[in-house]
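All remarks here apply to the structure that follows.
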Ligand SMILES: Cc1cc2nc3c(=O)[nH]c(=O)nc-3n(C[C@H](O)[C@H](O)[C@H](O)COP(=O)(O)OP(=O)(O)OC[C@H]3O[C@@H](n4cnc5c(N)ncnc54)[C@H](O)[C@@H]3O)c2cc1C
């Protein structure tokens, strides 16, 4: 296999300080850094084996880190030893006949997608932010507006290589040691370091093919739930879809609005392309302007929300996939839930109520929004044919002085209770309960891996959770 460099290794996010933080900083910019003591920067599988064996020899714990987008205490640690995958960023092989691309674990998926686009191919499922890594996405699940067709990112992984905590190299896949394969997928780095992945490709022109947005727009929650539930359970011929319900406090009371975008095929013509370009260009321009204004933080956050809320009539697949950086703007936090599609309405309503109640009681929450994506995933349904899920992403503005650790703990426990009661899962890269018993019920990986609920111990990387 020949390695092809495609990633840019220097980027403002890749500062030394970023190693002392994870996605938590979005919720509280003043959060103290947790500096690792040792950092490994492997380039190859052999380097990873060497690093793992060194750490094992010292009886230490090794934390695996992609670009640190997660926020459940997965990729940082005071005095920790961290393996950063950023230098394992190569595209190893594009197999057009076999419809797969093989990349190293630290490859940045947006860059892989750009490389594929030049050849008329694309990744079926990709994150909405441009620094997400293949190994990181495969270790958390990975959801996109195309997940109702292709599932989670893990459903699109065909094979992978990883190095376990003894320094042994394993290759496994859908047809090769599937038990091991499913245990590693969505495993939040518990089972070892993913060194390469073979991922499905689709024939697509994400940049030039324009899709028509069939937009549902309402300020009536009952109406929103009824109509969006139909689209979650039966997306029809939608190629991509996503929705959001938002609740902003204003001096005159809460302003509530919901929208659900179903993007479908439409005959192509230059006017639609022009409208797509103009809409996307003006969103970018507004974002740049807003960052310069006095109340920039709040404005940028609300513009990001407006970008989804007032999604244009025509958009290219790429513009639907890619969003304004949700980490920009005023402090905000996400608690993500994977719900069985039949529990959509009830879980949506209860999660929303919990957030609104906490806002009223503690004042620690500002705006409340609920982002929705439909999912059809073999990984989540464990092969149970036709079973559908959805992502309910509770995303809310934070007032850090009032959203104390105690208040946050209570909120997270309430969210986890609802999820357990309704047979759902949590996305383990957002804050969850720390109780191993509860984590075992919440973690979709637990059905594949017996030790999924366990907090990590010496020599074992994985999750502790904080609550
Ligand atoms: C701005 C932003 C946008 C996001 N967009 C999306 C989105 O569109 N869809 C979505 O599903 N999620 C999204 N997320 C959430 C999620 O946090 C990231 O998708 C995920 O964490 C991957 O990011 P990363 O590559 O930086 O991995 P990290 O956050 O660094 O790591 C995530 C987990 O994977 C493990 N890991 C990383 N690399 C490896 C490896 N090679 N081998 C083994 N384990 C590894 C880590 O130990 C950790 O447990 C987003 C988060 C942010 C902050």
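Points to keep in mind about this one:
- Extension gain (nm, one decimal) between residue 28 and residue 60, 0.36 nm per residue minus Cα-Cα: 8.6 nm
- Theoretical gain in end-to-end length, residue 349 to residue 219 [0.36 nm per residue, Cα-Cα removed]: 45.3 nm
- Here the label points at residue 402 and residue 357, each 7 Å from Cα along the C-beta direction, are separated by 1.8 nm in the simple model.
- Taking segment 86-119 and a reference point 7 angstrom along Cα→Cβ of residue 41, the backbone N atoms nearer than 20 Å belong to 86-91, 104-109.
- For segment 16-203, the calculated P(r), taken from all Cα-Cα distances in 10 Å bins from zero up to the bin holding the longest distance, is 10, 38, 35, 15, 2, 0 percent.
- At 1.306 mPa s and 10 °C, Stokes diffusion of the chain via Kirkwood alpha-carbon radius, µm² per second: 71 µm²/s
- Sorting the segments 376-382, 60-66, 158-164 by their mean number of nearby beta carbons within 10 angstrom, highest to lowest, gives 60-66, 158-164, 376-382.
- Dividing the helix sum by the residues of the chain, where each DSSP H run of 4 or more adds -39500 (n - 2.57), gives a mean residue ellipticity at 222 nm of -9000 deg cm²/dmol.
- Burial ranking of peptide ranges 37-50, 261-274 (average Cβ count within 10 Å, highest at the top): 37-50, 261-274
- Segment 206-220-segment 27-70 distance, computed between alpha-carbon centres (Å): 41 Å
- Using C-alpha pairs under 8 Å with a sequence gap of at least 6, the mean separation divided by the residue count of the chain gives a relative contact order of 17 percent.
- Virtual spin-label span in nm between residue 200 and residue 274, 7 Å along Cα→Cβ: 3.8 nm
Here, each number is a calculation from the coordinates, and none is a lab measurement. Quick caveat: nothing in here was measured; it's all calculated off a predicted structure. Reconstructed Cβ throughout: ideal geometry from the backbone, glycine too, with neighbour counts over all protein chains shown.
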